[in-house]
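Beneath this line is the structure, given in structure tokens, with notes to follow.
The values are calculated or read from the model by the stated rules, or taken from the named source; none is laboratory data. Because the structure is predicted, anything quoted here is derived from the model rather than measured. Positions of Cβ are backbone-derived with ideal geometry, glycine not excepted, and every protein chain shown enters the neighbour counts.
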Amino acid sequence: MPTFQFEAMDATGAEIKDVIEAPTEEEAQATIRQMGYFVTKITAKKARKKTEAAGGRKKRGFVFGGVKSRDLTTFTRQLSILQDAGLPILRSLRILAGQAKPGRLKYSLEDTCDEIEAGSTLSEGMAKSPKCFNRLYVNMIKAGEAGGALELILQRLADFQERAESLKRKVKGAMIYPVVVVTVAVGILTFIMIKIVPEFRKIFDEFELELPVMTELLVSISEWCVTYWYLIPGIPITIWLSIKLIRKFRHGRIGWDQFIIKVPIFGNLIEKNILARTTRTLGTLVASGVPILEALNITRDTSGNAMFERMYTKISEAIREGEAIAKPMKEHSVPGFHPMALFFWFFFIPVFGPLLYLLKYKQRIVDDIVVNMVDVGEETGELDTMLYKVADTYDEEVAVLTEGLTKLMEPLLILFLGGAVGFIVIALFIPLVKLIEGLSK
């Protein structure tokens, strides 16, 4: 029996969207009127094509995970270009699905095409693939459909994704160098401790040399590395897994997120990065016509930090009570004290960590300049513009901080490696010099 998708209004004027089965469209409308609804739109849903019977779509391989942000950004930009050229949305999606590599994005586009052919809108079809298109993406598409400016929304969404991807690449690029250097250095030092130092120790034992303090310390470290070599990779992996497990619990996640945005050196970078991303997300949603409460909820869910989630939740509650954004943003941007955060400070910085935490936990995560710009944006009706300016400002600050940290870490890493190598050389050669002097006499 055919299925009809309809939109209607009830006696109170509320909009109703549902589906109904009926032999014909006329009988479907009659049934809907008997339910007490006034029909405003009704369309027949096309039957799904059976992939195996039709012989159309090939068998799909197994995929897991989501879509790379770079691939989704490229797709969005290409779709915006095709829509700007005037192509029908279904044809545009078919073209992009055909050129995509087998994977999550390609299969999600194929599913979206099937949903559209069955009578769904683009946003409804994309909502069926949450691992590819998140709430931010779907709601912006929905706002574009409602406002009749889908190509403009796609361009805005592509710009947003490109800016976010550019900032992410800068941060990742800055972190690659120190991570590689530290990893290689640890590997080389571990090899020296496990393979080289024990050979020197055999020589010292054969000649019954009295070893100086530095050499004794080096030999002790070498013995520890030989005996407990598995702890060298095991300790960082265990810490990482423990943090992942603790963050599964609400209070553990709050404590870690509060610690990570206030930790020395990197905390300021992380905090500004989150602030830049969330303000750009909120500004993009507001500019696209998404209702403010829904925009705040999406921004909260995509912030990735419990402190910002709490702040945006409080802002949403305040707006429901009739307040503006600026005042609750200022009031609820103070993280406050949390025992799990104190635990992380004590664990990673045992001596000064708790004292630093007591000095930092009342520092707001949103500066006065952000609150004032949001306030001005609300008064002038240009909230989206002000949020974009805030995001641009903090993007620049993140870029400057990232570059500064990279330049700072280079001499620190050189100093660390030089000190470690120098210590090993001196500790090994002092007894060797004594041995050579003894043999020469």
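The set of residues in the stretch 78-98 that are touching a residue at least 40 places away in the same chain (Cβ under 8 Å) and crowded, with 16+ Cβ neighbours inside 10 Å comprises Leu79, Ser80, Gln83, Ile89.
Would you confirm whether or not the stretch 332-341 contains a residue that is modelled with pLDDT of 90 or more and over 24 Å from the mean Cα position of the chain (by Cα)? Yes, the stretch 332-341 contains at least one residue that is modelled with pLDDT of 90 or more and over 24 Å from the mean Cα position of the chain (by Cα). Count of the stretch 379-415 residues, restricted to those that are more than 17 Å from Thr278 (Cβ to Cβ) and either in contact (Cβ under 8 Å) with a residue 12 or more places away in the chain or part of a helix (DSSP H, G or I) (or both), is 19.
Any chance the stretch 253-262 includes a residue that's in a loop (DSSP other than H, G, I, E, B), assigned by TED's automatic domain parsing to the domain that holds Ile325 and closer than 16 Å to Asp367 by Cα?
Here is the first cut: in the stretch 253-262, the residues in a loop (DSSP other than H, G, I, E, B) are 261-262.
Applying the additional criterion that residues be assigned by TED's automatic domain parsing to the domain that holds Ile325 yields 261-262.
Adding the requirement that they be closer than 16 Å to Asp367 by Cα leaves 261-262.
Within the stretch 253-262 (the criterion being in a loop (DSSP other than H, G, I, E, B), assigned by TED's automatic domain parsing to the domain that holds Ile325 and closer than 16 Å to Asp367 by Cα), the answer is yes, since at least one residue qualifies.
Restricting to the stretch 98-119, name every residue that is of a type outside the set (Val, Ile, Thr) and closer than 13 Å to Cys132 by Cα.
Restricting attention to the stretch 98-119, the residues satisfying the condition of being of a type outside the set (Val, Ile, Thr) are 98-111, 113-115, 117-119.
Residues satisfying the conditions are Gly103, Arg104, Leu105, Lys106, Tyr107, Ser108, Leu109, Glu110, Asp111.
Checking each residue in the stretch 102-153 for being touching a strand residue (DSSP E or B) at 6+ places or on another chain (Cβ under 8 Å) and either crowded, with 19+ Cβ neighbours inside 10 Å or among the aliphatic types (A, V, I, L, M) (or both) picks out only Ala118. Looking across Phe429, Phe352, Phe347, one residue alone is under 30 Å from Val180 (Cβ atoms), at pLDDT 90 or above and surrounded by fewer than 18 Cβ atoms within 10 Å (Cβ to Cβ). It is Phe347.
Checking the stated criteria, Glu223 turns out to be more than 36 Å from the chain's Cα centre (by Cα) and either assigned to a helix (DSSP H, G or I) or in contact (Cβ under 8 Å) with a residue 60 or more places away in the chain (or both). Annotation for the stretch 233-241: no member residue is in contact with a helix residue (DSSP H, G or I) (Cβ under 8 Å, 6 or more places away or on another chain), of a type in the set (Ser, Thr, Tyr) and closer than 30 Å to Trp345 by Cα. For the stretch 387-403, taking the residues that are surrounded by fewer than 21 Cβ atoms within 10 Å (Cβ to Cβ) and either closer than 15 Å to Leu282 by Cβ or among the hydroxyl-bearing types (Ser, Thr, Tyr) (or both), the one that is modelled with the lowest pLDDT is identified as Thr402.
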